[in-house]
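Peer 1: The following block contains the structure, expressed as structure tokens.
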Amino acid sequence: MSKLTTLNEFIMKKQADFPGASGELSRLLNDIAVASKIVTRDVRRAGLVDNILGAQGEVNVQGEQQQKLDVVADNQFIKMFEMGGEVCGIGSEENDNYMAFKSETSKNGKYVVLFDPLDGSSNIDVNVSIGTIFSIYHRISPVGTEATLEDMLQPGDKQVAGGYVLYGSSTMLVYTTGNGVNGFTLDPTIGEFCLSHPNMKTPETGRIYSMNEGNIAVCHPGYRKYTEYCQEEDASTGRPYSGRYIGSLVADFHRNLIKGGIYFYPTTPAAPKGRLRLLYECNPLAFVIEQAGGLATDGTQRIMSIKPTELHQRVGFIVGSKQMVEKLQECLDTTAVEA
Ligand code: AHG
Ligand code: MN
Ligand code: MN
């Protein structure tokens, strides 16, 4: 049996590849791991203790009902970033505006983090997998000053690291720093994330498509054409494919990353700019999928090339196995929108 590699050991080994590195990114990744262990604990006990299940009673800037666990997770990550000293400011789904940390240590932090503290909130109360998604950037503003909005509004291509934590049947942390994707599973008996999925690659094609098909009649007709293609019988291409939609982006993404598949959430009349958020949902997952050999686009351009203009900017999102994304793109490009 080979020796277990813990996340901490893995991060340290990677840091050694960059002799001049200060270790701040390593510490930041470690802080994310620690915060996610605390959130794991809260998620695992959610049905048992008061003040964790159910709605918070507030509506966030997205116009969505905040769940108590959204707020618990948000506070936990913010506390970790604020105390850690590597981060000068954050942008979170649950906060209307970005936060610039005020302490001198934080003002000297090199990084900003954009994150969705709990993804899949509607699944919390029904015991279905949820997650955390994060994206790390170098700040643009000078070290020693307060973080600015410009620090937050960087294209995905500038990410230093991106990834997610999935609170599923086990807790997993998956991330990339632009040199492949690695996945770590939390061993609850020792409280450590251990390398379980080294150098993750997504299959070139797969047999799973994931969308909220309730929207099929109200989105671009190219999506209907593609879903009909997925449902056609053709043994040579493994069709019909399976439709799978959990409704937690992280969980749907993670399954498709491993098995091969495509996830798409198009623009709709109810969400004319898209449902998902560019900065803390789409960009980090786009970074992971590209590093794993897949593609991420909004139907017209590569997700990570988009220059953001707003903190909570929404986009249409297509992500997954290369050949499947290309096929959906072909359906979009060859289907006329009726006037
Ligand atoms: P969040 O819980 O962070 O607001 O994100 C929910 C997102 C995503 O997880 C999921 O894929 C999608 O919303 C589900 O939307 P629908 O219920 O419209 O399908
Ligand atoms: Mn989300
Ligand atoms: Mn969320």
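Peer 1: Among the residues that make up region 108-116, is at least one of them at pLDDT 95 or above, over 25 Å from residue 22 (Cβ atoms) and within 11 Å of ligand 1 (Cβ to nearest atom)? Spell out how you get there, then give the answer.
Peer 2: Of region 108-116, the ones at pLDDT 95 or above are 108-116.
Then keep just the ones that are over 25 Å from residue 22 (Cβ atoms); that gives 116.
Imposing the further condition that a residue be within 11 Å of ligand 1 (Cβ to nearest atom) reduces the set to 116.
Checking region 108-116: at least one residue is at pLDDT 95 or above, over 25 Å from residue 22 (Cβ atoms) and within 11 Å of ligand 1 (Cβ to nearest atom).
Peer 1: Could you tell me whether region 32-47 includes any residue that is open to solvent by less than 70 Å² (accessible area, probe 1.4 Å) and under 17 Å from residue 160 (Cβ atoms)?
Peer 2: Looking for residues that are open to solvent by less than 70 Å² (accessible area, probe 1.4 Å) and under 17 Å from residue 160 (Cβ atoms), one finds at least one in region 32-47, hence yes.
Peer 1: Suppose we keep only residues that are of a type in the set (Asp, Glu) and touching a residue at least 60 places away in the same chain (Cβ under 8 Å) within region 189-218. Which one would you say is least open to solvent (accessible area, probe 1.4 Å)?
Peer 2: Going residue by residue through region 189-218, those that are of a type in the set (Asp, Glu) are 192, 204, 213.
Now restrict to residues that are touching a residue at least 60 places away in the same chain (Cβ under 8 Å): 192, 204.
Details: 192: 65, 204: 98 Å².
In this case the residue turns out to be 192.
Peer 1: Can I ask one more? Could you tell me how many of the residues in region 117-128 are surrounded by 14 or more Cβ atoms within 10 Å (Cβ to Cβ) and more than 10 Å from ligand 1 (Cβ to nearest atom)?
Peer 2: Qualifying residue count, region 117-128: 2.
Peer 1: Just to be sure I understand the filter: pairs with C-beta atoms under 6 Å, separated by 6 or more residues or on different chains, first member in region 23-49 and more than 14 Å from residue 70 (Cα to Cα), second member surrounded by 19 or more Cβ atoms within 10 Å (Cβ to Cβ) and β-branched (Val, Ile, Thr). Which pairs pass?
Peer 2: These pairs meet every condition: 26/11; 29/11.
Peer 1: How about region 240-320: which strands (runs of 3 or more DSSP E) wholly inside it have at least 1 residues that are hydroxyl-bearing (Ser, Thr, Tyr) and modelled with pLDDT of 95 or more? First the steps, then the outcome.
Peer 2: Details: elements: 262-265, 295-297, 317-320.
Per the criteria, 262-265, 295-297.
Peer 1: Check off (1) farther than 22 Å from residue 283 by Cβ; (2) open to solvent by 20 Å² or more (accessible area, probe 1.4 Å); (3) among the β-branched types (Val, Ile, Thr) for residue 171 and give me the number that stays unchecked.
Peer 2: It fails just one condition, (2).
Peer 1: Another question, then. With respect to the numbered conditions (1) among the hydrophobic types (A, V, I, L, M, F, W, C); (2) crowded, with 24+ Cβ neighbours inside 10 Å; (3) away from ligand 3 (no atom under 16 Å from the Cβ), which one is the sole condition not fulfilled by residue 292?
Peer 2: So the condition that residue 292 fails would be (2).
Peer 1: Separate question: May I ask you to verify whether residue 221 is in contact with a helix residue (DSSP H, G or I) (Cβ under 6 Å, 6 or more places away or on another chain) and either open to solvent by 10 Å² or more (accessible area, probe 1.4 Å) or more than 24 Å from residue 200 (Cβ to Cβ) (or both)? Spell out how you get there, then give the answer.
Peer 2: Working: in contact with a helix residue (DSSP H, G or I) (Cβ under 6 Å, 6 or more places away or on another chain): no; either open to solvent by 10 Å² or more (accessible area, probe 1.4 Å) or more than 24 Å from residue 200 (Cβ to Cβ) (or both): yes.
No: the conditions fail for residue 221.
Peer 1: Return yes when residue 84 is away from ligand 3 (no atom under 16 Å from the Cβ) and either surrounded by fewer than 20 Cβ atoms within 10 Å (Cβ to Cβ) or outside the structural domain of residue 311 (by TED's automatic domain parsing) (or both) and no when it is not.
Peer 2: yes
Peer 1: Listed residues 257, 295, 276; which is closer than 26 Å to residue 96 by Cα, outside the structural domain of residue 92 (by TED's automatic domain parsing) and of a type outside the set (Asp, Glu)?
Peer 2: Numbers: 257 fails: closer than 26 Å to residue 96 by Cα; 295 fails: closer than 26 Å to residue 96 by Cα.
Answer to the check: 276.
The values are calculated or read from the model by the stated rules, or taken from the named source; none is laboratory data. Small disclaimer: the values here were computed from a predicted structure and weren't measured. Positions of Cβ are backbone-derived with ideal geometry, glycine not excepted, and every protein chain shown enters the neighbour counts. To get the accessible areas, we keep the full protein, side chains included, count just its heavy atoms, and leave off ligands, DNA and RNA. Shrake-Rupley method; radii C 1.70, N 1.55, O 1.52, S 1.80 Å.
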